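What follows is one structure encoded as structure tokens, with my remarks underneath.
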Amino acid sequence: MQIIKHELLTEADLLSRLKRTRLRGFDRAEVYRDATLEIVEIDPAALTPAQRYVLQEGVQAILDVADAFEPLGIDIFALRGALLFWPEGSDPDNDAPIPFLPPVIEESVEKDGTKVLLINDGIHRVYAARKRGRKINVVLARNVPPEYPYYAYALPQGWAQVDELQELQEGYQKKEYRNPENYKALFRDFNEIFEGVQKQRPRSNPAHLKA
């Protein structure tokens with residue numbers, strides 16, 4: 001991968017934008033408006049996934065971005081703001097940039113009342129850092145309103161329950177949802193503030209979870 005243009009947004013700009021993140025339901029509430037957001041460096045082993053899989057292609061794409069920016073003096077695992085870039089083959093004058101953010105982590109209360117640092121957005125970024133034996137900068141969200149918890153529970157056995165897949169198979173349930181009948185209501189819509197940052201993955205959930 002070759003980078004033909006890039007822009008760095010400041011930490012203040014990144015956190016200010018994330019404060020405006022809305023839910024899909026609950027009257028589009030701004031879930032982080034009153035939360036505490038900060039950039040912290042952390043070992044991936046200290047983070048707990050909710051998603052049961054990563055796609056090999058997605059992990060490799062992160063590693064390719066890391067290798068493309070290394071000669072430019074930018075460490076994508078140590079970002080303190082947002083990175084916008086245009087790869088070779090794109091047109092900076094007409095094409096929207098590709099956004100690259102630190103993963104978003106939430107302090108989450110689980111079924112048994114324990115608190116974990118749950119990976120909200122960016123499991124492939126965290127997994128890629130883990131694969132390279134790197135710590136990673138993340139956006140850590142604390143004091144999220146209890147009425148708006150993350151829409152899925154953390155995996156009880158953490159990374160041991162995460163499958164590395166070539167592709168998603170039909171019927172593969174991605175997460176254990178807090179409210180299976182309406183789990184999308186609590187979905188954090190980061191695409192509204194950084195278009196394209198949340199990739200649409202192939203649908204695979206069992207039929208009763210596809211609504």
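Within region 106-139, being more than 10 Å from the chain's Cα centre (by Cα) and free of Cβ contacts under 8 Å to residues at least 40 places away in the same chain holds for E107, D112, G113, T114, K115, G133.
Filtered by the rule that a residue be within 29 Å of A129 (Cα to Cα) and either part of a strand (DSSP E or B) or among the hydroxyl-bearing types (S, T, Y) (or both), region 26-43 gives Y32, T36, L37, E38, I39, V40, E41, I42. Out of region 82-99, which residues are touching a residue at least 40 places away in the same chain (Cβ under 8 Å) and more than 30 Å from E147 (Cβ to Cβ)? If the condition is that a residue be touching a residue at least 40 places away in the same chain (Cβ under 8 Å) and more than 30 Å from E147 (Cβ to Cβ), then L83, L84, F85, W86, P87, E88, S90, P92, A96, P97, I98 are the ones that fit. With respect to the conditions (1) assigned to a loop (DSSP other than H, G, I, E, B); (2) of a type in the set (G, A, S); (3) in contact with a Phe, Trp or Tyr (Cβ under 8 Å, 6 or more places away or on another chain), A141 falls short on a single one, namely (1). Residues that are in contact (Cβ under 8 Å) with a residue 12 or more places away in the chain, of a type in the set (S, T, N, Q) and in a strand (DSSP E or B) do not occur anywhere in region 8-17.
Is it the case that L83 is assigned to a strand (DSSP E or B) and either among the small types (G, A, S) or under 30 Å from N182 (Cα atoms) (or both)?
no
For A154, are the conditions met, namely being in contact with a Phe, Trp or Tyr (Cβ under 6 Å, 6 or more places away or on another chain), surrounded by 15 or more Cβ atoms within 10 Å (Cβ to Cβ) and at pLDDT 95 or above? Quick ask: steps written out before the conclusion?
Values: in contact with a Phe, Trp or Tyr (Cβ under 6 Å, 6 or more places away or on another chain): no; surrounded by 15 or more Cβ atoms within 10 Å (Cβ to Cβ): yes; at pLDDT 95 or above: yes.
So A154 does not fit the description; no.
Among the conditions (1) surrounded by 12 or more Cβ atoms within 10 Å (Cβ to Cβ); (2) of a type outside the set (F, W, Y); (3) not in a helix (DSSP H, G or I), D91 misses just one, which is (1).
Does region 123-139 contain any residue that is β-branched (V, I, T), under 18 Å from F187 (Cα atoms) and at pLDDT below 95? No, the conditions are met nowhere in region 123-139.
So is A50 of a type in the set (A, V, I, L, M, F, W, C) and in contact with a helix residue (DSSP H, G or I) (Cβ under 9 Å, 6 or more places away or on another chain) or not? Even if it seems obvious, please write down each step before you answer.
Numbers: of a type in the set (A, V, I, L, M, F, W, C): yes; in contact with a helix residue (DSSP H, G or I) (Cβ under 9 Å, 6 or more places away or on another chain): yes.
It is true that A50 is of a type in the set (A, V, I, L, M, F, W, C) and in contact with a helix residue (DSSP H, G or I) (Cβ under 9 Å, 6 or more places away or on another chain).
Among the residues of region 158-173, the ones that are in a loop (DSSP other than H, G, I, E, B), closer than 21 Å to K131 by Cα and not polar (S, T, N, Q) come to 3 in all. Kindly indicate which of A78, A46, A96 is of a type in the set (G, A, S) and more than 19 Å from the chain's Cα centre (by Cα). Answer to the selection: A96. Whenever a residue of region 157-183 is closer than 26 Å to L117 by Cβ, its partners that are of a type in the set (V, I, T), lying with C-beta atoms within less than 6 angstrom and at least six residues away or across chains, give the pairs G158/T48; E164/V54.
The values are calculated or read from the model by the stated rules, or taken from the named source; none is laboratory data. Please read all numbers here as calculations on a predicted model, not as lab measurements. With ideal geometry, Cβ positions are generated from the backbone for all residues, glycine too; neighbour counts draw on all protein chains shown.
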